[in-house]
Structures are given as C-alpha cells and as structure tokens.
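Everything below concerns the one structure shown next.
All of the numbers you see were taken from the coordinates with simple rules; none came from a lab. A quick note: this is a predicted structure, and the numbers were derived from the prediction, not measured. Cβ coordinates were reconstructed from backbone atoms using ideal geometry, including for glycine residues, and neighbour counts include every protein chain displayed.
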Amino acid sequence: MSGPRTIVVAGAGIGGLTASLALAARGFRVIILEKAERLEEAGAGLQLSPNASRVLIDLGLGDRLAQRAVVPDAVTVMSARSGRALVRLPLGEAAARAGAPYWVIHRADLQSALEAQVVAHPSIDLRLGCLFEDFASHARGVTVGQRRRTERKQEAALALIGADGIWSAVRGQLFPAAQPRFSGLIAWRGTVAAKALPQADARTGVQLWMGPDAHLVVYPISGGRLVNLVAIVPDDWNREGWSAPGDPRDIRARFAAAGWTDAAQKLIGAVDSWKRWALFAMPDGGVWSAGATALLGDAAHGMLPFAAQGAGMAIEDAAVLAQCLGDSHGGPTAGDALSVPASLQRYAQARRARVARVQRLARQNGKIYHLTGPMALARDLAMQALGGERLLARQNWVYDWRL
C-alpha cells in the first residue's frame, strides 16, 4: 500500500520526468509508470527558451544540461526564394533580459539528464516496462492499475498525473471525447554532422527558412557536433507515431519542385536518413483535470511545433502542478485527499489561458511561414522593416514567464 503522499505519473517523457522531480522537491513520493523497457529519444532536437530552462535550472539540472546544450547566438530568418537572410533575432539579448539561457539540445540528452536525476532521487520510483492500464477514483484519491508483462498490480495514490503524450491513455479514460486533430501537415526530421554542412551559420544559430507552403528549421545539437533539421510540408499521411521512415528522395524532390534556393536544398540533401511524423494538435486551451487526476504536456494540450514551445509548456505545467499540490499539502508528512481535486483545478486555471495563447501563436506562425505570392513578399518586407529586436520582443510574454 502506498503512503498518503504518493503520486503516480503515467509517462516518462520530458513532462513526466520534470513533473516527478518537481513533485519530489515538494515532499511527495512519486511512482512513474513507463511502458517502454528503456527510455529512448522520440525526435532529434528541441529548443528550450528561458521560460523552460529556468525551471530545469531550479530543479538542479543546470550544470548537467549546460554541458550538452548549445547556446545559439540568433534566429536567422531566411528566404527560400532568394537564399538571403531577411532578419536576425538576437537570442542572447532575450536570454539576458529573461535571466535564463536559450538552449537547443538533443532530446535524448535532455531525457537522459532528467532520467539520471530521477533515478538518483530517493523519493522517485521509475518503473520501466510498466504499462498504465486504468484508474478508479475514490474518496482517498485514486487506485491505478498497471501491468508489467503478465503481472497486474494496483497502486493507491493521492493523485494520478497523465503525462503520456498526444495519444494519452489517461486522457482516453478521463476525457474520452477529447481527441487530437490532424493538421494536414507532416514534419520530416533528420540530423547531419555539423562539419558536413556547407553553411557555417547552421552550426552556431537557429535558421528558419520560409517558402511556399513549407518551412525548414535548422539548428545545432549535441554540443554542436550535429545539426538538427525539421522540414514541414502539407500531406494527407496521418499515421500515429514519431518515427516512421521517410524516403530522402521524396523530401528532396518536394523542395526542388517548389523552387527552393540551392543553399536550402543542399541542407536538405545533406541528410541521409529522415523520419516523419504527422502533426496532430488538441483544441485550444486543452483538457486538464477531473477529481484526483490531471493531465500535462501533450496529453493535455498537444500543439503544433511552430512556436518551439511544446516541451516548454510541458515543463511549465510540471512546475505549476507541483506548486499547486505542494501549497495545499504543507509539510512532508501532510496529505489530504479532499484538497487534491481543488488543487488540480487551480493548476488547470493557472495554465489554460496561457497554453491556449501559445497554441494560437504556433498555428498563426505556421500560416505566416507558408505564405505564397504577394502575401509572402509583403511578409518579408514587414519583417525587414520591423527588425530582429522588435520581432523578438513580441516573444517577451513567452520567455519572461516565471513560476
């Protein structure tokens, strides 16, 4: 039988691991259920803006992540038509103002750093190869059903947190009508050795290439040894999953047919192995909690990746969730199941509006990036007129968030 301050987290992705560390820091005992036998990266790279890196640093991960992350000097917006830089957004200035770094990092590096900290924590029990099956609510919290191979077990807990991704099994039981919607876009991702790239800019900063009905994001990861590429194109292929193989000839032909400049095509051509995933998103505002069960990250509000805030919002969720539960449960021996639903409702209220705004930003960015014809020309001229500093300042409300 678990103790009165036990919380079960379903899913050991970035959001689930961060939430577990944040909850343990508040005095809770945490059990993580993860169906995979070992943790492996799903996706190559991600961006951690100051709103997210600040949380990770506060959890004691700063030194470990700083050794693996790259600090890009700027985001350079590139024209797929001309091959020229349109505007340069100075990330270093934004990070200095926000008081936390802007990092780009390999997902595997972030996940392994989180896992190492979780495994070392005496109040966290990471159960790999353990499948979440179901839960039942009751007056004392929840009872969580789990399965490891043929053995089924039940765990009593104060609360259950679903951090199990866009196809969340916890959400499927909690809010069965809430389903992600296909965006009509797919992402191709790949990595290449930095020294193999023709452009030095792609090794030190983030590049955003905008073209008709498509865009390309390029940035260094793995301490600068690798460069991550993500190409977004319209498609009706909509299978679940993150890592379906993609034919390099297909993505190269798409960008060549669309008339992208030689420099961009050389970047795409440098990648020998591509993976594809169909982009699904939850409705604006997401779905959050009922009783003693709550969702976070993609399970609650999976969003399009065009604001580079998917991981950031999950990390923010984790911090706010732990604060709401911790504030309601006093010292490390306290525990009142009656206050958990109210705490989780406060968590939802604290997150819903901000997440919805980021979801809208991501969707709007995608439309802007993919403009064609005269509208694309007007966009380019407007960006140049505004300049990098003013364009970046529009992100202040995202980057300056603090718990």
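One equal scatterer on each Cα of the range 125-201, no solvent, Debye formula: the resulting log10 I(q)/I(0) at q = 0.21, 0.22 Å⁻¹ is -1.02, -1.08.
Would you mind calculating the relative contact order of the chain from Cα pairs under 8 angstrom and at least 6 residues apart, reporting the percent as a whole number?
The value is 23 percent.
Its Cα centre serving as origin, the range 14-156 has a Cβ charge dipole (Lys and Arg +1, Asp and Glu -1) of approximately 200 debye. For the range 141-242, averaging the sequence separation of C-alpha pairs within contact (under 8 Å, six or more residues apart) and dividing by the residue count gives a relative contact order of 22 percent. Here the range 88-112 is scanned for amide nitrogen atoms under 15 Å from the site 7 Å beyond the Cα of I57 along Cα-to-Cβ, giving 92-104.
Once the chain from R181 to T372 is taken as fully extended at 0.36 nm per residue, the excess over their C-alpha distance is 66.3 nm. For Rg and Dmax of the Cα atoms in Å, computed directly from the structure shown, the correct entry in (1) 23.8, 86; (2) 22.6, 71; (3) 21.3, 66 is (3).
Here the chain carries DSSP beta bridges of which approximately 70% are antiparallel, counting only pairs with both residues inside. Label positions at E93 and V119, each projected 7 Å from the Cα along the C-beta direction, are separated by 4.3 nm. A simple charge model with +1 on the Cβ of Lys and Arg, -1 on the Cβ of Asp and Glu and nothing else charged puts the dipole of the range 1-97 at about 200 debye relative to its Cα centre.
Comparing W401, V70, S112 along the charge dipole axis of the chain, the residue lying farthest to the positive side is W401, per the Cβ-charge model. Note on the chain: helix-only mean residue ellipticity at 222 nm, from DSSP H runs of 4+ residues weighted -39500 (n - 2.57) and normalised by residue number, equals -11000 deg cm²/dmol. Relative to the Cα centre, the charge distribution of the chain, modelled as +1 at Lys and Arg Cβ and -1 at Asp and Glu Cβ, gives a dipole magnitude of about 300 debye.
Summing Lys and Arg as +1 and Asp and Glu as -1 over all other residues whose Cβ lies under 15 Å from the Cβ of A98 gives a net charge of -1.
If each residue of separation counts as 0.36 nm, what is the full-extension length gain between A353 and E40 once their alpha-carbon separation is subtracted?
Numbers: separation 313, 0.36 × 313 = 112.68 nm, distance 3.19 nm.
That works out to 109.5 nm of additional length.
Note on the range 175-323: dipole from Cβ charges, positive end direction compared against V287, A257, G241; the farthest Cα belongs to A257. Once the dipole of the chain is set up with Lys and Arg at +1 and Asp and Glu at -1 on Cβ about the Cα centre, which of G60, I268, G13 lies farthest towards its positive end? Ranked along the dipole, the leading option is I268.
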